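To keep things clear, I will list the structure first and then write my remarks on it.
The values are calculated or read from the model by the stated rules, or taken from the named source; none is laboratory data. Note that the coordinates shown come from a computational prediction; the quantities given were computed from them, not determined experimentally. All Cβ positions, glycine included, derive from the backbone under ideal geometry; neighbour counts span all protein chains shown.
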Amino acid sequence: MAKHKGAIDIELGKAFETDDFDVVDQKCQANDRTLCGRVEITSRGVPKWDWKPYFPGGTVQSKVIDSSMAQTMELWAQAGHHGSDFLAGPFLKQHPEYSWMQELLRDMRQEPWTKFRGRISHGKTTGDLIHVHPWPVRVLFQCPAGGS
C-alpha cells in the first residue's frame, strides 16, 4: 500500500478489491487470507467467526467509488467472486455437511465490473446502468506460473 499512497484511483481500487495474492503462501490463490476472500475453498475455515472448513462464505461483491463519483451518485461494482463462479449444486455434493443450506445457497456467477449511476427523478432516487467494463483493469501482482 505504501507504494500506492496518494495514487489510488478507481482502476487501482478495482485491482485491490479483486486481489487474490496470499501473502502467507506467497502465491496467487484466492482463499480466506486474500482480499477477495474465498472461505469455501479452504480447509482452514474462519474459527473466530465460527465458520467451519469450506464454509460457503467470503467476498461476494466489490464496490469502488471516489469523491468525484460520489458527487454524481456513481459507483463501480462487481458481483460474484472474482475469477470463478460459485455453483451451489457441485459445492453441496462436495460438502454435504452444508446440506442444511440447500434452500439458501444460490449459484453466483462472476460478473464484469459495471458502472452505476443514481439520480433523483420526481423526488425519488432511481438507478441506471451506464457502462460495462470487462476485467482486467490493471495487473498489480504477477502471479508465478501455475497461479490464477
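With T72, T34, T18 as the choices, which residue is farther than 26 Å from R119 by Cα, of a type in the set (V, I, T) and either without any contact (Cβ under 8 Å) to a residue 60 or more places away in the chain or in contact with a Pro (Cβ under 7 Å, 6 or more places away or on another chain) (or both)?
T34 is the lone residue from the list that is farther than 26 Å from R119 by Cα, of a type in the set (V, I, T) and either without any contact (Cβ under 8 Å) to a residue 60 or more places away in the chain or in contact with a Pro (Cβ under 7 Å, 6 or more places away or on another chain) (or both).
If I go through the stretch 3-28 residue by residue, how many of them are on the phi > 0 side of the Ramachandran plot and touching a Gly at 6+ places or on another chain (Cβ under 9 Å)?
0
Can you name every residue in the stretch 30-61 that is closer than 14 Å to S84 by Cα and either at pLDDT 95 or above or acidic (D, E) (or both)?
Across the stretch 30-61, the qualifying residue is only E40.
When the stretch 65-118 is examined, which residues are found to be among the hydroxyl-bearing types (S, T, Y) and farther than 22 Å from G45 by Cα?
Of everything in the stretch 65-118, those that are among the hydroxyl-bearing types (S, T, Y) and farther than 22 Å from G45 by Cα turn out to be S67, S68, T72, T114.
Mind checking which residues of the stretch 29-85 are touching an Asp or Glu at 6+ places or on another chain (Cβ under 9 Å), of a type in the set (A, V, I, L, M, F, W, C) and more than 24 Å from E111 (Cα to Cα)?
The answer is V46, W51.
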